[in-house]
Amino acid sequence: MSLKTLFVRKTLDELKREAEEPEHKLKRVLGPVELTALGIGAIVGAGIFAVTGTAAAGSAHHIGAGPALVISFIITAIACGFSALAYSEFASMIPIAGSAYTYSYATMGELVAWIIGWDLILEYAVGNVAVAVSWAGYFKEFLRGFGIDIPIYLVVDYRTALREGIIESAPQIFGIPIVFNLPAVAIVAFLTVILVIGIKESTIFNNLMVAIKIGILLLFIAIGAFYVKPENWTPFAPNGWKGIMTGAALVFFAYIGFDAITTAAEETKNPKRDLPIGIIGSLVITTLLYIAVTLVLTGIVPFSMLATAEPLATALNAIKLNWVAGVVSFGAIVATTAVLLVFQLGQPRIFFSMARDGLLPKYFASVHPKFKTPHVTTIWTGVFVGFFSAFVDINEAVELTNIGTLFAFVLVNIGIIILRYKEPERPRPFKTPLVPLIPILGILSNLYLMISLPWVTWVRFGIWLIIGLSIYTLYGFRKSVLRGRG
Ligand code: ALA
């Protein structure tokens, strides 16, 4: 077997044919407004509601940006903008569900496709670990508003419990302290059951959730603006450029999701026009919201107070606006539930495509006889996310998610350049301007964000890739449907 087969590619026509097969054909119902709403549904969640806090204030293992976090948000938005153009070009050219995994199969071949598919687990599943933990934080705050206190040992990660002496006070069963994040596990379990049964993905429901998210952030901005004290903005950048870039690499999490719109490609009425509108539109709207929220958040309290899992509620409580804090907590619960749904739905479908291609066991590609959902991959995703959200610290999950997603973005940008040279004639309804300059800027800016993450994240990412490559060598390399045929 020659080494060349590692780079065996699915042709674009082959991909299009697969999607056109009647048993795989999806209904085309989505227009530009629905797509933008879908994007906002996937984007606005734990990033703005939780990560902003430690990104501004710093944490046990990274420095903070201070009020200059607003600059971090702008830098990251620009970096994401380059990748949004790349995703738009791909999505309009290959309007097929499957996102970056599918694109790379078509452009860079099987090995890279596998690496991206494996890498997307970090974006989707590990990302959701962080979102579930953030959900739990706001849920705890929300209940507190009604006078219900969840015991701290049931809503904490293991390391924090160890550091803050919570372990000693926790009850024990057979000498083992009971310390874990119960609400995070519960929400993941609940959504997994719903997804196995199958939800009718209703655009009306999604639009409602999006309206609540945006409404709550606007409420925060509108009311908070009256309590801004400009002196809280000084020192503006306590840790200088390094702090700003560390913040940028962290709040990247808040933008993840615009790429997920591409998974709806096959359900879009006019994908060539509407996908780029949805991707770029949702990125622009969320950027504007994030800038305003960050200015207000760092303006109402000294940034050092924000190192909590629920910084928006923390800030509002500090200025005695407890009822607004309650409303915002409710909004955060809605927002993070929507994000959890999108990724908890997306991850099994990526596994499903990989199994259909023979890169994962066929068992993962089975469909439930009654519910017609990819139940096996849905349940495995639920078990993985549920387990880790019980014990993991949100910041660690965020950093690992970010490095993995940034790497996927780098590969997608490279793919755009490759395809321009390999298939220059192929119709491109949406063209990234100034190729190769823009994708190169995309690659460099994403790499720069990657190197702004802590070294321990790099080590974890390296281990993750080594595990993935081992699985490919032992399994996918032999069982690949495409290579078996060739
Ligand atoms: N961007 C998504 C969030 O912030 C992942 O929750």
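Here are a few things to note about the model shown:
- Verdict on Val328 being within 29 Å of Val185 (Cβ to Cβ) and either within 23 Å of the chain's Cα centre (by Cα) or within 16 Å of the ligand (Cβ to nearest atom) (or both): yes
- Every condition in (1) surrounded by fewer than 23 Cβ atoms within 10 Å (Cβ to Cβ); (2) within 16 Å of Gly117 (Cα to Cα) is met by Pro427 except one, and the failing one is (2).
- Only one of Ile279, Ile300 that is in contact (Cβ under 8 Å) with a residue 24 or more places away in the chain, within 16 Å of the ligand (Cβ to nearest atom) and on the phi < 0 side of the Ramachandran plot: Ile279
- Residue check for Ile277: under 25 Å from Leu449 (Cβ atoms), touching a Ser or Thr at 6+ places or on another chain (Cβ under 8 Å), among the β-branched types (Val, Ile, Thr) and in a helix (DSSP H, G or I): no
- Only one entry of Ala254, Ala265 meets the criterion of being within 16 Å of the ligand (Cβ to nearest atom) and in a helix (DSSP H, G or I), and that entry is Ala254.
- Residues of segment 375-412 satisfying the condition of being buried (at least 24 other Cβ atoms within 10 Å of the Cβ) and of a type in the set (D, E, K, R): Glu399
A quick yes/no check of all residues on (1) at pLDDT below 95; (2) acidic (Asp, Glu); (3) more than 21 Å from the chain's Cα centre (by Cα); (4) assigned to a helix (DSSP H, G or I):
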site: Leu411; (1), (2), (3), (4): yes, no, no, yes
site: Leu419; (1), (2), (3), (4): yes, no, yes, yes
site: Leu434; (1), (2), (3), (4): yes, no, yes, no
site: Ile463; (1), (2), (3), (4): no, no, no, yes
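- Counted residues, segment 178-210 - those being surrounded by 15 or more Cβ atoms within 10 Å (Cβ to Cβ), in contact (Cβ under 8 Å) with a residue 24 or more places away in the chain and farther than 30 Å from Leu30 by Cα: 7
- Pairs where the first residue, in segment 161-177, is within 28 Å of Ser59 (Cα to Cα) and at pLDDT 80 or above and the second is surrounded by 12 or more Cβ atoms within 10 Å (Cβ to Cβ) and among the acidic types (Asp, Glu), C-beta under 7 Å, 6+ apart: none
- Selection status of Ala130, under 27 Å from Gly299 (Cβ atoms), within 16 Å of the ligand (Cβ to nearest atom), in contact (Cβ under 8 Å) with a residue 60 or more places away in the chain and surrounded by 24 or more Cβ atoms within 10 Å (Cβ to Cβ): yes
For (1) among the β-branched types (Val, Ile, Thr); (2) in contact with a Phe, Trp or Tyr (Cβ under 8 Å, 6 or more places away or on another chain); (3) without any contact (Cβ under 8 Å) to a residue 60 or more places away in the chain; (4) surrounded by fewer than 20 Cβ atoms within 10 Å (Cβ to Cβ), each residue gets a yes or a no:
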site: Phe253; (1), (2), (3), (4): no, no, no, no
site: Thr262; (1), (2), (3), (4): yes, yes, no, no
site: Lys269; (1), (2), (3), (4): no, no, no, yes
site: Leu283; (1), (2), (3), (4): no, yes, no, no
site: Thr286; (1), (2), (3), (4): yes, yes, no, no
site: Ser304; (1), (2), (3), (4): no, no, no, yes
site: Ala307; (1), (2), (3), (4): no, no, no, yes
site: Leu316; (1), (2), (3), (4): no, yes, no, no
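Residues checked against (1) within 16 Å of the ligand (Cβ to nearest atom); (2) over 30 Å from Phe352 (Cα atoms):
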site	(1), (2)
Ala113	no, no
Ala125	yes, no
Pro151	no, yes
Asp157	no, yes
Ile176	no, yes
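- Checked against the criterion of being under 18 Å from the mean Cα position of the chain (by Cα), touching a residue at least 40 places away in the same chain (Cβ under 8 Å) and surrounded by fewer than 23 Cβ atoms within 10 Å (Cβ to Cβ), the candidates Gly81, Gly45, Gly39 yield just one match: Gly81.
- Which listed residue is modelled with pLDDT under 95 and among the hydroxyl-bearing types (Ser, Thr, Tyr), from Thr246, Thr234: Thr234
- Answer from Thr52, Thr102, Thr76 - the residue that is surrounded by 23 or more Cβ atoms within 10 Å (Cβ to Cβ), in contact with a Ser or Thr (Cβ under 8 Å, 6 or more places away or on another chain), farther than 20 Å from Glu14 by Cα and not aliphatic (A, V, I, L, M): Thr52
- Residue match in segment 59-66 (condition: part of a helix (DSSP H, G or I), buried (at least 23 other Cβ atoms within 10 Å of the Cβ) and more than 16 Å from the ligand (Cβ to nearest atom)): yes
The values are calculated or read from the model by the stated rules, or taken from the named source; none is laboratory data. Just so we're clear, the structure is a prediction, and the values are computed from it rather than from any experiment. Using ideal geometry, Cβ is built from the backbone for each residue, glycine included, and neighbour counts are taken over all protein chains shown.
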